[in-house]
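> Shown below is the structure under consideration.
Please treat every number below as a calculation from the coordinates, not as lab data. Given the structure is predicted, the values throughout are model-derived calculations rather than measurements. Note that each Cβ is placed from the backbone with ideal geometry, even for glycine, and that neighbours are counted across all protein chains shown.
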Amino acid sequence: MNRRSIGCGVLAIVVFLGIGFLGLSMATTRAGCPKRLQWEAQGYELVGTPAPSPFAGSKAIGSTFIGLTTRRAFAAPSGDAKPTQLALECGDGTYQTYRQAP
């Protein structure tokens, strides 16, 4: 093999890895909560500012993906299939409350 083909191969590997790491860094989220949540056909808009705990009376209902991480979701127990109020863990120890959008 000559030096030119080895150099091109090394350059291709570096570019491939660089694009991969750039894509991963863009896909991962930093701490914080989104301004709007979408669940099935229903949207939820944020209410107030993040709090140190979920709203009173809420129970954990599962988790959701935001980027490549999962965040726990909380809702008030009710008989409705879709809760009217949600709380989402923001990843920095705070919880953001959301209400069903009109």
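> Counting other Cβ atoms within 10 Å, keep those with at most 13, restrict to DSSP loop, and tell me which GluC sites (Glu not before Pro) in region 1-95 are left.
Of the GluC sites (Glu not before Pro), the ones in loops of region 1-95 whose Cβ has at most 13 other Cβ atoms within 10 Å are Glu40.
> In addition: Just to confirm the number: angle between the C-alpha axis of helix 3-27 and the first principal axis of the chain, 0 to 90 degrees, nearest 10?
10 degrees
> Rounded to the nearest 500, what is the chain's calculated 222 nm mean residue ellipticity when only DSSP H runs of at least 4 contribute -39500 (n - 2.57) each, over all residues?
Counting only the DSSP helices, I get -8500 deg cm²/dmol.
> Just the isolated ones, please: cysteines in the chain lacking another cysteine beta carbon under 4.7 angstrom.
Within the chain, the cysteines lacking a partner Cβ under 4.7 Å are Cys8.
> Computed over the Cα atoms of region 14-102, what is the ratio Rg over Rh, Rh following Kirkwood?
1.08
> Within 10 Å of each candidate Cβ there may be at most 16 other Cβ atoms; applying that plus a DSSP loop requirement, which trypsin sites (Lys or Arg not before Pro) in region 6-47 survive?
Hits after loop and neighbour filter: Arg30, Lys35.
> Please list, ordered by chain and number, the residues whose modelled amide H lies under 5 Å from the amide H of Ile61; skip anything fewer than 5 residues away on the same chain.
Ala73, Phe74, Ala75
> What ranking do 12-20, 50-58 get when scored by the average of other Cβ atoms within 10 Å per residue, highest first?
Descending packing order for the listed peptides: 50-58, 12-20.
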